[in-house]
Amino acid sequence: MSIKLTVNGETRELDIDPDMPLLWAIRDHLQLTGTKFGCGMALCGACTVHIDGKATRSCVTPVSAVQGRQVTTIEGLSTPAGRAVQGSWIGLDVPQCGYCQSGQIMSAAALLAANPGPSDADIDSAMAGNICRCATYVRIRSAIHQAAQQLSAGGRPAQG
Amino acid sequence: MYFRHIEAATGKGGAGSSAELTRRQFLKFTTLAGSGLTLGLLLPGCGPRPGAGASAAAGPLAMPFVRIAPDNTVTVICKHVEAGQGVWTGLPAIVAEELDASWEQMRVESAPAQVPLYRNLAFDPLGATAQLTGGSTATANSWQQLRAAGATARAMLVAAAATEWGVPAGEIKVSQSVVAHSGTGRKATFGELAGSAAKQPVPARVKLKDPGTFSIIGNEKLPRLDARAKSTGKQQFAIDVMLPGMMSAVVMRPPRFGGKVSSFDATRAKAVPGVVDVVQIPRGVAVVARDMWSAKKGRETLSVTWDESAAEKRGTTELLKEYRTLAHGKEALTVIQAGDADAALAHAARRVEAEFEFPYLAHAPMEPLTAVARLSPHKCEIWAGCQFQTADQAAAAAAVGLKPEQVSINTLAAGGTFGRRATPDSDYISEVASIAKATGGKYPVRLIWTREDDITGGRYRPLNYHRITAAIGKDGKVALRQRVVGQSILIGTPFAPLMVKNGIDPTAVGGNAAEQYDLADVHISWSQPQVGVPVLWWRSVENTHMAFSKEVIIDELAQIAGKDPVEFRLSLLGKHPRHAGALRLAAAQAGWDRPFATGKGRGRGVAVHESFGSVVAQVAEVTVSGNKIRVDRVVCAVDCGIAVTPDVVRAQMQSGIGYGLSAALYGKITLTDGHVDQSNFHQYQVLRINDMPRQIEVYIVPSTNSPSGVGEPGLPPIAPAVANAVRAATGVRLRTLPFDLAAARGAKT
């Protein structure tokens with residue numbers, strides 16, 4: 001069946017099962033591999049993308065449900081919050097194995113877009129759906145705070 | 001994995017020694033490098049033409065561990081897998097230091113599978129020639145090797161400049177990747193000199209730097225080389241490999257360990273759109289499809305009949321009952337015995353008797369096991385986050401019927417491993433190669449384990465049961481008797497003949513109290529139950545359980561003695577100065593000597609443990625509310641010899657603490673009638689950000705010793721430090737993992 005997907009501003013028509021989770025359409029059919037498979041049950045957050053700007057687990061979102069909506073993956077992340085988050089992630093050397101970090105960054109960018117000055121408790125609450133087995137959590141908290149400060153200061157992110 | 005008794009051979013030479021790489025050794029390396037990598041370097045009489053400038057000799061300087069390109073990049077060829085532990089930063093730092101390179105020009109790539117060139121030198125004393133990453137040995141075994149590699153390349157660059165400029169080599173200085181001669185004012189970049197450096201003779205000896213002059217090694221601000229790729233979605237893992245025409249595969253495996261395929265019906269699976277093949281392989285039945293989703297759907301409709309005649313059908317409740325019986329029985333192997341523990345304990349006025357339970361644990365790396373294979377008549381290519389290239393190459397070769405040298409291994413970044421990707425039989429590599437073989441190499445194939453495959457797939461940290469009796473005798477000396485009951489990881493693998501001595505598996509019982517404290521009367525024994533659940537090294541291996549019972553018992557002995565837990569430990573560490581040093585540093589930074597406000601469920605505890613050649617001490621502060629344990633602060637001190645990349649060391653301590661807390665608070669695999677009860681993260685819970693301590697401070701003990709382990713040693717002390725803190729807060733003794741305060745309170749009464 002033909003499915004029309006708009007990912008990172010580009011619309012593509014794919015002949016795939018409408019029940020196919022967005023994750024596998026993005027990865028296997030659009031070859032955008034920054035979004036990761038971790039659990040398939042929306043338990044770990046590795047597959048997090050933005051749908052109309054909202055952090056969403058692509059592993060349980062059927063492609064049929066996102067037709068006509070804007071999907072953003074890590075490859076297309078270009079919001080001010082997204083760039084600030086990526087800059088602080090690099091600056092603080094957050095990643096270890098790095099596998100979960102696309103999902104972490106997508107969740108963090110969505111958090112900052114909704115809440116520009118999150119507390120530790122806000123961060124814990126917003127990020128609890130994203131598992132990191134390397135336990136980079138201490139640096140994730142620091143990097144979100146740093147990105148928030150940068151955004152509020154109106155400064156340009158150092159990198160991203 | 002790590003093997004305590006090879007520690008003496010790994011990097012104990014002292015960092016200050018000016019170790020030299022002899023020409024003979026270098027020729028051995030380079031000759032083995034093969035495939036044109038280094039031949040130009042070794043041809044005799046190929047010095048630069050007189051008068052030729054750098055441009056006339058443009059080309060790379062290519063050596064087994066370092067390649068300098070005309071574009072001025074320096075690429076370190078890394079024989080170890082980067083799985084988060086930071087080798088893609090730490091190993092380039094060692095080379096960059098001796099080379100006097102600037103950090104910006106450093107690059108890193110994975111070495112091919114090739115022994116003996118890229119073997120892990122830590123295993124040489126065992127007589128094992130294996131390329132593998134394990135036992136927190138990557139930095140330790142590479143230390144002298146990569147310093148020599150960097151110094152050799154530097155010497156050849158200097159020699160090239162001296163020849164071209166007609167000046168004495170001794171007058172040439174190298175700094176920040178610029179080679180310069182002040183007398184003539186000439187200077188050149190590494191890239192400009194690389195081609196002519198390649199034609200210089202390999203120096204017979206190179207002098208290594210005085211560690212006092214290091215500026216890259218030990219640099220607090222050295223950024224990770226992989227941080228950008230891993231923050232932008234660009235880092236390629238095995239699951240991201242996309243080859244033309246590639247198919248996706250999943251495997252249906254036996255529902256019980258030890259089961260086998262009896263027969264299967266693929267009719268319905270083959271009818272699923274996108275499914276292209278259903279094939280039997282030695283470990284199950286593979287469904288191959290044009291994408292992962294179709295493969296998964298195909299597997300759901302697959303009907304397999306299993307032969308479970310040899311399968312393990314016991315559950316963990318029955319196993320624990322048997323373990324308890326073994327813990328109280330007479331049959332056991334003596335691991336270590338000194339003095340007369342039985343007599344000392346018999347005469348002691350107050351004894352501590354305790355039994356400990358440790359569950360099976362899955363590694364659950366975030367990237368599930370994944371591998372890609374491409375097979376042609378005379379060649380098999382593998383892409384994976386390989387942790388044990390030598391075994392992986394052999395397993396793939398056996399599966400497809402080729403020779404190991406016909407199998408090329410492309411080691412990619414691994415999305416975590418914690419030991420899981422190093423299996424003696426290369427389970428998942430063997431599977432993908434078998435699928436490629438069974439499908440005739442028609443297409444490249446990518447095998448992905450789903451999370452359910454991972455959690456139910458075995459290779460767990462072994463279930464363990466410890467029984468300890470300990471006491472302080474009239475003379476003030478500690479007596480301790482411990483029975484460890486747990487499966488062997490090594491027996492039955494090719495490692496056994498090399499490492500199992502007198503029947504004792506060091507990865508079952510290492511890190512015990514007799515090794516780590518000065519004990520007068522001690523007897524440690526081990527019973528090995530026969531169980532069909534496959535087990536494996538799990539980050540810090542035996543130390544995950546051995547450190548726990550040891551540090552909890554020592555703490556209880558301190559209480560009996562009416563002594564401070566830190567002071568009591570120090571009194572038993574006279575022969576362990578590094579333990580004492582780390583413990584003192586952690587205690588000082590935690591403010592241990594200052595009063596700690598208890599009440600409102602607050603408590604603090606301490607633990608110290610050596611593993612993989614490093615000593616780590618941790619102080620944990622907790623708040624207990626009802627039956628909920630919250631770890632507020634951890635102060636960690638680590639003695640890992642020279643800290644090559646201190647920020648990576650800090651990250652690894654944080655990581656070990658988080659991974660260890662995950663096991664302390666949540667981790668548990670159970671079986672019922674041989675079936676694993678957990679399947680995904682809703683049942684096999686792991687630590688999330690809301691349970692990560694808000695405050696973790698890491699202090700590195702200054703040291704001039706060669707680097708020792710970092711990836712694993714941060715883990716063992718955290719669970720006992722937290723248990724000791726909970727006991728201080730509540731009086732409740734936590735002896736079963738994961739912690740269940742409600743159950744422990746019940747047991748107390």
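Derivation of every value follows stated rules applied to the coordinates shown; laboratory data play no part. Note that the structure is predicted; figures quoted are calculated from it, not measured. Quick reminder, even Gly has a Cβ in these numbers, built from the backbone with ideal geometry, and neighbours come from all protein chains shown.
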- Message: How would the protein assembly as shown be classified by its alpha-carbon gyration tensor: rounded, prolate or oblate, with rounded meaning a/c under 1.5 and the a/b versus b/c comparison settling the rest?
- Response: rounded
- Along the stretch B:694-701, Karplus-curve 3J(HN,Hα) (6.51, -1.76, 1.60; θ = phi - 60°) to the nearest Hz, with x for Gly and Pro, reads 5, 10, 10, 10, 10, 10, 9, 5
- Of all the C-alpha pairs in chain A, what % are more than 24 Å from each other? 30 percent
- Message: Could you tell me the relative contact order of the stretch B:600-717? Use alpha-carbon pairs under 8 Å, at least six residues apart, and round to a whole percent.
- Response: 38 percent
- For B:Met63, enumerate residues with amide H under 5 Å from its amide H, sequence gap 5+ or separate chain, H modeled in the peptide plane. B:Ile68
- Query: How do B:Asp647, A:Asp15, B:Asp342, B:Asp100 rank when sorted from fewest to most other Cβ atoms within 10 Å of their own Cβ?
  - Reply: A:Asp15, B:Asp342, B:Asp647, B:Asp100
- Message: Compute, for the protein assembly as shown, the length of the dipole vector about the Cα centre, with Cβ point charges of +1 (Lys, Arg) and -1 (Asp, Glu) only. Units Debye, rounded to 20.
- Response: 380 debye
- Report, in deg cm²/dmol and to the nearest 500, the calculated mean residue ellipticity at 222 nm for the protein assembly as shown, where each DSSP H run with n ≥ 4 adds -39500 (n - 2.57) and the sum is divided by the residue count. -9000 deg cm²/dmol
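Give me the percent of Cα-Cα pairs in the stretch B:273-351 that sit more than 16 Å apart, rounded to a whole number.
The share of Cα pairs beyond 16 Å in the stretch B:273-351 comes to 74 percent.
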- Message: For Cα pairs less than 8 Å apart in space and 6+ apart in sequence, what is the mean separation divided by the residue count of chain B, i.e. the relative contact order in percent?
- Response: 15 percent
- Query: Given N residues in the stretch A:80-152, what is Rg(Cα) / (2.2 N^0.38 Å)?
  - Reply: 0.94
- Message: Within 10 Å of each Cβ in B:411-420, how many Cβ atoms from other chains are there, averaged over the peptide?
- Response: 3
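Using the Kirkwood radius over Cα pairs, work out the Stokes-Einstein diffusion coefficient for chain B at 10 °C and 1.306 mPa s, in µm²/s as a whole number. Intermediate values should be presented prior to the final figure.
Details: Rh = 27.5 Å.
Here the translational diffusion coefficient equals 58 µm²/s.
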- Message: Using Cα-Cα distances under 8 Å and only pairs 6 or more residues apart, what relative contact order does chain A have, in percent?
- Response: 24 percent
- Item | Charge dipole of the protein assembly as shown about the Cα centre (unit charges at C-beta), most positive-ward option of B:Ser175, B:Gly416, B:Ala101 | B:Ser175
- How many Cβ atoms of partner chains, on average, are near each residue of B:681-694 if near means within 10 Å of its Cβ? 6
- Message: Could you sort the peptides A:141-148, A:64-71 by per-residue average Cβ neighbour count (10 Å cutoff), highest mean leading?
- Response: A:141-148, A:64-71
- Item | Under Karplus coefficients 6.51, -1.76 and 1.60, residue-wise ³J(HN,Hα) of the stretch B:325-338 in Hz, glycine/proline x | 4, 5, 5, 9, x, 8, 7, 6, 9, 7, 8, 7, 8, 9
- Note on the structure: Total charge of the residues flanking B:Ala295 in space, meaning their Cβ is under 11 Å from its Cβ, with Lys and Arg +1 and Asp and Glu -1, is +1
- Message: For peptide B:380-391, what's the mean number of Cβ atoms from other chains within 10 Å of each residue's Cβ?
- Response: 0
- Message: Using each residue's phi in the stretch B:200-211, evaluate 6.51 cos²θ - 1.76 cosθ + 1.60 at θ = phi - 60° and report the 3J(HN,Hα) Karplus result to the nearest Hz, with x for Gly and Pro.
- Response: 6, x, 6, x, 5, 9, 10, 9, 8, 5, 6, x
- Task: Starting from the amide H of B:Leu208, placed 1.01 Å from N in the peptide plane, find each other amide H under 5 Å away whose residue is 5 or more places distant or on another chain.
- Result: B:Ala19
- Note down the net charge around B:Asn464, summing +1 for each Lys or Arg and -1 for each Asp or Glu among other residues with Cβ under 14 Å from its Cβ. +2
- Report the calculated FRET efficiency for B:Gln559 and A:Thr79 (r = Cβ-Cβ distance, R0 = 41 Å), to the nearest 0.05. 0.15
- Message: If packing is taken as the average count of other Cβ atoms within 10 Å, what order do B:231-237, B:552-558 fall into, highest mean first?
- Response: B:552-558, B:231-237
